[in-house]
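Laboratory data are not the source of any read-out in this text; all were calculated from the coordinates shown. Note that the coordinates shown come from a computational prediction; the quantities given were computed from them, not determined experimentally. Using ideal geometry, Cβ is built from the backbone for each residue, glycine included, and neighbour counts are taken over all protein chains shown.
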Amino acid sequence: MTHTTSHISEDFNLGSLRLANRLVQAPMAGISGRAFRLQARRFGAGLVSTEMISSYGVHFGDRRTVDMLDVRDAEHPVAVQLFGNQPELMAEAALAAERAGADIIDINMGCPVRKVVKTGAGVALMEDEPLAARVTAAVAGAVRVPVTVKIRSGARARATAASLAPRLAAAGAAAVSIHPRTGAQGYRGRADHTLTRQLAAALPVPVIASGDIAAPALAEQLLDAGCAAVMVGQAALGNPWIFADLLAGAEPHRRPLDAVLAEMGRFNHDLTGEVGEERAGRAMRKFYGWYLRPFKPDARLRDQLRRAAGFAAAEPLIRAALGDGPRG
């Protein structure tokens with residue numbers, strides 16, 4: 001089934017940046033490296049994002065952290081997402097990201113992971129609104145590119161986004177992305193987009209909706225409610241076609257096994273170029289399950305793929321187990 005699209009394919013301004021459509025690839029820790037970003041761009045995302053990058057790592061010159069700032073021509077426009085709770089260090093990291101080619105600096109105020117929260121960063125910043133505003137102002141004052149902030153409903157059970165978001169806009173945020181679950185919820189339950197709609201109606205800057213966006217109907221409802229764009233994260237894991245489907249107003253559907261394997265091969269090629277063959281082989285093990293989820297691989301194949309040295313070894317295993325199975 002195809003819906004009549006009215007908004008998602010339209011271009012729009014995010015601060016000084018013109019984006020070709022209203023579809024954004026979400027930053028995801030351990031996922032949205034260069035290979036993932038290139039894939040999202042190929043399938044139509046108007047804006048892609050790095051995974052969150054530590055401002056402390058940038059400050060202390062950690063090699064792997066600094067390497068994460070590297071963006072390539074084919075990725076643009078690209079947002080670099082930073083986390084930390086010290087305004088000066090965040091401003092320093094933002095400048096480094098801008099020099100590396102970031103088109104947008106995104107501040108993470110939504111990560112609920114304990115090791116991030118215990119440093120006072122991520123969603124913990126939502127509990128200190130004055131500090132959150134100072135971090136935003138410091139970053140916005142340090143760079144020329146637009147600055148955005150990604151938040152949740154709140155850190156704990158109480159929703160605080162409605163009070164924090166206007167302060168972030170006043171501090172210089174060019175847009176606010178909202179994932180309407182609390183930090184305590186993590187990724188459980190359903191995203192409460194009632195809050196998203198309220199923010200879209202109230203804020204003087206664009207609001208980007210995130211959370212459970214996997215089909216055209218919800219995307220269009222949120223755009224109709226005043227959101228400037230929608231952000232896709234979990235739904236894109238193993239399913240990069242989701243970006244093309246949303247832009248076309250088409251319901252997501254299973255692709256043939258040959259098409260899935262071809263895309264896995266291209267992704268593995270890009271990932272190998274990014275991190276090397278050994279690390280790519282290990283990283284692909286988590287992606288196999290996402291790509292093959294529609295085919296319901298049995299326990300034997302899943303175990304074989306967990307031990308596969310790389311995609312060259314995994315592909316024949318997949319074909320042998322699923323090649324005679326459903327392909328539509």
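Let me have the relative contact order for segment 22-77, percent, based on Cα pairs under 8 Å that are six or more residues apart. Don't skip to the end; give the middle numbers.
On the way: 65 pairs, mean separation 20.9, N = 56.
Relative contact order of segment 22-77: 37 percent.
When 1/r is averaged over all different Cα pairs and the result inverted, which Kirkwood radius in Å belongs to segment 257-322? Working shown, then result.
Details: mean 1/r = 0.0854 Å⁻¹.
One decimal place: 11.7 Å for the Kirkwood radius.
Nearest 500 deg cm²/dmol is fine: what mean residue ellipticity at 222 nm does the chain get from its DSSP H runs of n ≥ 4 alone, each adding -39,500 (n - 2.57), divided by its residue count? Please report the intermediate quantities before stating the final value.
Numbers: 14 runs with 145 residues, N = 328.
Estimated from H runs of four or more residues: -13000 deg cm²/dmol.
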> What length, rounded to one decimal in nm, is gained on full extension from residue 251 through to residue 299, with 0.36 nm per residue of separation minus their alpha-carbon distance?
Replying inline: 14.4 nm
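DSSP loop trypsin sites (Lys or Arg not before Pro) in segment 3-49 with at most 13 other Cβ atoms within 10 Å of their Cβ, which ones? Write out the running numbers ahead of the final one.
On the way: sites: 18, 22, 34, 37, 41, 42; in loops: 22.
Answer in residue order: no site qualifies.
Taking the chain, how many lysine pairs are there with alpha carbons less than 25 Å apart, if each pair must be eight or more places apart or span two chains? Display every interim value, and only then the final one.
Working: 115/150; 115/286; 118/150; 286/296.
So the count of such lysine pairs works out to 4.
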> Within the chain, what's the longest stretch lacking chymotrypsin sites (Phe, Trp or Tyr not before Pro) that sit in DSSP loops with no more than 12 other Cβ atoms inside 10 Å?
Replying inline: 188-328
>> Largest first, please: the extent of the C-alpha atoms of segment 12-248 along each principal axis, to the nearest Å.
In response: 44, 40, 32
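Run through segment 150-199 and list the trypsin sites (Lys or Arg not before Pro) located in a DSSP loop whose Cβ has at most 16 other Cβ atoms within 10 Å.
Values: sites: 150, 152, 156, 158, 167, 181, 188, 190, 197; in loops: 156, 158, 181, 188, 190.
Here the trypsin sites (Lys or Arg not before Pro) that fit, given the DSSP loop and packing criteria, are 156, 158, 188, 190.
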>> Report the rotationally averaged projected area of segment 1-97 based on its alpha-carbon convex hull, in square nanometres.
In response: 7.5
